[in-house]
Amino acid sequence: MPRSERSPLLLAGLLATAGVAHFAAPRRFDETVPSALPGTARTWTYASGAAELALAAGLALPRTRKAAALATAAFFVGVFPANVKMAADWRHRPAPQKAAAFGRLPLQIPLVLWARNVAKNTEGRA
């Protein structure tokens, strides 16, 4: 399978794994939900996990891939505030945890670009 055909499936796998993790270990995601959002952190954790699973399914299917890839790029932008909150909250934690929290911030850029690339490479396909 050529790399361009694997890319959407790898992105779908990443999102599916993250989505399942939101339900399997929700407490660690609850901590990253900005308090300014209405409702409970757990509701947002489950909603974002469900969104990741839906996006993964959309990316896996060629028919919905382009729309799902564009929605995935938007999703990655939308969850960035949670990553900022995590970095701020973890700034006094031990170095490995702090590095992980701050390291997530610049990783959002290649994730957004990856999703946009999947959408671009899907254009013209049914």
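The values are calculated or read from the model by the stated rules, or taken from the named source; none is laboratory data. Fair warning: this is a prediction, and the values are worked out from it, not measured in the lab. For neighbour counting, all protein chains shown are included, and Cβ atoms are generated from backbone atoms with ideal geometry for every residue, glycine included. Calculation scope for accessible area: heavy atoms of the full protein, side chains included, ligands and nucleic acids excluded. Shrake-Rupley method; radii C 1.70, N 1.55, O 1.52, S 1.80 Å.
Within the stretch 107-126, the residues that satisfy the criterion of being open to solvent by 80 Å² or more (accessible area, probe 1.4 Å) and either closer than 13 Å to Arg65 by Cβ or not in a helix (DSSP H, G or I) (or both) are Arg116, Lys120, Glu123, Gly124, Arg125, Ala126. Take the conditions (1) modelled with pLDDT of 95 or more; (2) over 14 Å from Ala119 (Cβ atoms); Gln97 misses just one of them, which is (1). Within the stretch 88-116, residues that are without any contact (Cβ under 8 Å) to a residue 24 or more places away in the chain sit with their Cβ atoms under 7 Å from residues that are open to solvent by 80 Å² or more (accessible area, probe 1.4 Å) and not aliphatic (A, V, I, L, M), at 6+ positions apart or across chains, in these pairs: Lys98/Arg91. List the number of the failed condition for Ala36; all other conditions in (1) out of contact with any Lys or Arg (no Cβ under 8 Å at 6 or more places or on another chain); (2) under 28 Å from Leu9 (Cα atoms) hold. Going through the list (1) out of contact with any Lys or Arg (no Cβ under 8 Å at 6 or more places or on another chain); (2) under 28 Å from Leu9 (Cα atoms), Ala36 breaks only (2).
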